[in-house]
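What follows is a single structure, written as structure tokens, with notes after it.
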Amino acid sequence: MADYWKSQPKKFCQYCKCWIADNKPSIEFHERGKNHKENVSAKIAEASISCLYFKELF
């Protein structure tokens, strides 16, 4: 047993606004999930709409 407590590293998903364990299996499992894929698609759509709007202004 360790002499001191050490927390597990976490990674923040900017699309889902949640924390996940910072290890390869957890990250891959999260990124394959339906909710994450929908959030990424929505973010891309939002960015493309704002880009088109910006182009119309200039």
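Here are some notes:
- Near residue 35: Cβ cut-off under 13 Å, other residues only, Lys/Arg at +1 and Asp/Glu at -1. The net charge is +3.
- Computed label-point distance, nm, for sites residue 12 and residue 27 using a 7 Å Cα→Cβ extension: 1.7
Here, each number is a calculation from the coordinates, and none is a lab measurement. These figures come from a predicted structure and were not determined experimentally. Ideal geometry is used to build each Cβ from the backbone, glycine not excepted, and the neighbour counts take in all protein chains shown.
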